[in-house]
């Protein structure tokens, strides 16, 4: 059930709800049915994973900004947890954990090189990004928005993939499999992101393996969050300096 929910979430990542409404609606219905089935079967870990995946898929039906979709999905999961105690998140999902500086520097430090190499060698089509209304604002607002992006986006993605998915996959499949499964799910979400395409998915998956290892080693989200901030700050700099 948990793997099925992640597969459906990955399928949604490949679909543009604005141009493939029927396919996107079918994906949303499948995600919802999986969440209801998981709740019916009574496995709390699978139910939480399926519920969050379904909430993410449903939030994307409105073609909202990714950060808003993640926020709504997390709020939905927290709201359901208040009504149904069995689906309430454990404190370990958002525990701060230790701060292994060396490992944070290693995991975060590879991203400026990897992202720059991808941008300048793959020459990806980023027209959808450069034409976004969110980027058609004065430079000062772009700078402020970039700072917020480098903080908010990592926080939300770490809460979802390393905080919820990895935490609740672990008792179902074990540590190595939980790290690999969350990494694959995270990588597929970058099919149309930054980086994007097959190479982008591969890069994001490998990096999510490193983040998953860092989360397991530190027993918390603070370490992978800090490493993630470096990556998203790099993305913001590359977009502002070389794309726009």
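The values are calculated or read from the model by the stated rules, or taken from the named source; none is laboratory data. This is a predicted model, so every value here is computed, not measured. Please note: Cβ atoms are built from the backbone with ideal geometry, for glycine as well, and neighbour counts cover all protein chains shown.
Brief remarks on what is shown
- Flag if residue 30 is free of Cβ contacts under 8 Å to residues at least 40 places away in the same chain and either outside any helix (DSSP H, G or I) or in contact with a helix residue (DSSP H, G or I) (Cβ under 7 Å, 6 or more places away or on another chain) (or both): yes
- Criterion: at pLDDT below 95, within 14 Å of the chain's Cα centre (by Cα) and either farther than 20 Å from residue 123 by Cα or surrounded by fewer than 17 Cβ atoms within 10 Å (Cβ to Cβ) (or both) - qualifying residue of 228, 192: 192
- Restricting attention to the range 81-91, the residues that are within 13 Å of residue 45 (Cα to Cα) and assigned to a helix (DSSP H, G or I) add up to 4.
- Test: residue 140 is surrounded by 11 or more Cβ atoms within 10 Å (Cβ to Cβ) and in a helix (DSSP H, G or I): no
- Members of the range 154-189 found to be touching a residue at least 60 places away in the same chain (Cβ under 8 Å) and not in a helix (DSSP H, G or I), listed by number: 189
- Test: residue in the range 175-183 that is out of contact with any strand residue (DSSP E or B) (no Cβ under 8 Å at 6 or more places or on another chain), at pLDDT 95 or above, surrounded by fewer than 18 Cβ atoms within 10 Å (Cβ to Cβ) and closer than 17 Å to residue 48 by Cα: no
- Unmet criterion (only one of (1) at pLDDT 90 or above; (2) within 24 Å of residue 132 (Cα to Cα); (3) more than 15 Å from the chain's Cα centre (by Cα)) for residue 61: (1)
- Sole residue being under 18 Å from residue 6 (Cβ atoms) and part of a helix (DSSP H, G or I), chosen from 78, 58: 58
- When the range 78-111 is filtered for residues that are surrounded by 17 or more Cβ atoms within 10 Å (Cβ to Cβ), closer than 16 Å to residue 165 by Cα and more than 20 Å from the chain's Cα centre (by Cα), only 87 remains.
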